[in-house]
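Reviewing the structure listed below.
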Amino acid sequence: MAKKSGLGRGLGALLGETALEVGEASNDAPPRTLPVDEVVPNPDQPRKTFDDDELDELADSIRKNGILQPLVVRERGGSYQIIAGERRYQAAKRAGLEQVPVVVREVSDEEVLQLALIENLQRSDLNPLEAARGYRDLMEQNGLTQEEVGKILSKSRSAVANSLRLLDLPDEVQDMVARGELSAGHARAILSVSGDSARIALAHKVKDEGLSVRQTEILGPLFSVKDDGERPRRQPAPQSYKRAARTLRNKLSTKVSVRSVRGRNKIEIEFGDEQELAALVQRIVGE
């Protein structure tokens, strides 16, 4: 039985009707200011990449006009974790702000990923791979089906399924999609090709020659190969890996993955800059 736990209530019900769009708060939770170093990113934020030029432009605007729309945060272990507004937070740090306006909300762990996904999808902020990984995480963390995820996010089941298929691409091709070198349409055409090596070769040809999606579809059969050495389908990570990653994410307040790669087990910890790296080291080794 899939867990519901309040999922599907929508941003308006969970954060207040106008909290995300104009930064207004309900009567019992007015906006307030917090030191920027007390605010931390959400480790499960679906959006992983931020355009440097856009962040610089926003930082310039913030220097001149301040932050017009408060961040939405929740209290978490002595700090305040971002639910919505990480782009404003990153730009505020670039602008040298010492304090940022926030609206504090009580939101459960099970609701945070949904809210972050909806916010980014509504603003078209996610690249196709970030959206696919967000759908996968929402399903795994809350025991949801593709159809249930579609209802929560106002997407069709087939749209969710097609997005999740992108995760079957070789890592090298996934990276090309994430960087915007290939569109989701290109990626789906490449998925029709058999064999990772053939998919990678076709992806590079599409990128190098600037081929359209239609041209990619036509070329696909020419790249299909019978590959007796095709890698077996990736096995899902053990539940113990997922539990360990979740515990480390909560402890370190950053994205952590525990996985096996070519027979070797790895723990991967993400950080944004040298300051965040130093803070992570301090959390791991202690004061």
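Since every read-out is calculated from the coordinates, none of them should be taken as a lab result. The model shown is predicted, which means the values in this text are computed figures rather than measured ones. Neighbour counts are summed over all protein chains in view; Cβ atoms, including those assigned to glycine, are modelled from backbone coordinates with ideal geometry.
Structure above, values below:
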quantity: Neighbours by Cβ (under 6 Å, 6+ apart or cross-chain): first from segment 171-189, in contact (Cβ under 8 Å) with a residue 24 or more places away in the chain; second surrounded by 18 or more Cβ atoms within 10 Å (Cβ to Cβ) and among the charged types (D, E, K, R); calculated: 173/199
quantity: Conditions (1) surrounded by fewer than 18 Cβ atoms within 10 Å (Cβ to Cβ); (2) over 21 Å from the mean Cα position of the chain (by Cα); (3) part of a loop (DSSP other than H, G, I, E, B): number failed by residue 193; calculated: (1)
quantity: Matching residues in segment 131-180 - criterion: being loosely packed, with under 15 Cβ neighbours inside 10 Å and under 17 Å from residue 204 (Cβ atoms); calculated: 171, 172, 175, 179, 180
